[in-house]
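Working notes, beginning with the structure itself.
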Amino acid sequence: QTKCGGIKLWSKQWVVVKRDGCLYYHKSRESQPSGIIVLPSFHYSKAVCANRKNVIKITRGSSVYLFAAHDLQEYEKWLQVLAEATKTQTLILNHSIHNCALSALAIDNPFTPAGY
């Protein structure tokens, strides 16, 4: 088990994943985002920590974010949300790549891929 990057004190954050494929974290429900994670450019995984349960690790290069859910049910829901956000962004990216090969008039709806 790891110490989760040496974190000694965890802070409560409000986390929202929006349809734009970004994870926004806030210090309170009413505050502006403290930060934004563009999920398609990051990798997420389950993390095993000595001092915390239900931890999700989101990484890109040397950037590491750790989020701990309150319980196993919330943890599993967040894993589903992250998987869906990644899948949706892959659909959008594939749709955009496809549209790049078409003339402007041949694109039916440039902003809505099938299934989105």
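Within straight cross-link reach of Lys57, meaning Cα distance under 14 Å, which aspartates and glutamates are found once same-chain residues fewer than 8 apart are removed? Excluding near neighbours in sequence, the set is Glu76. Suppose R0 equals 35 Å. What FRET efficiency, 1/(1 + (r/R0)^6) with r the Cβ-Cβ distance, do Val48 and Cys100 give to the nearest 0.05? The value I calculate is 0.30. Computed with the Debye formula from one identical point scatterer per Cα of the range 44-87, without solvent, the log10 of I(q)/I(0) at q = 0.28 Å⁻¹ comes to -1.05. Among the chymotrypsin sites (Phe, Trp or Tyr not before Pro) found in the range 1-81, those both in a DSSP coil and sparsely packed, with 14 or fewer other Cβ atoms within 10 Å of their Cβ, are Trp10.
Restricting the range 7-85 to trypsin sites (Lys or Arg not before Pro) that sit in a DSSP loop and have at most 11 other Cβ atoms within 10 Å of their own Cβ leaves Lys8, Lys12, Lys18, Arg19, Arg29.
Throughout, read-outs are computed from the coordinates displayed, never taken from laboratory work. Model, not experiment: these values are computed from the prediction. For neighbour counting, all protein chains shown are included, and Cβ atoms are generated from backbone atoms with ideal geometry for every residue, glycine included.
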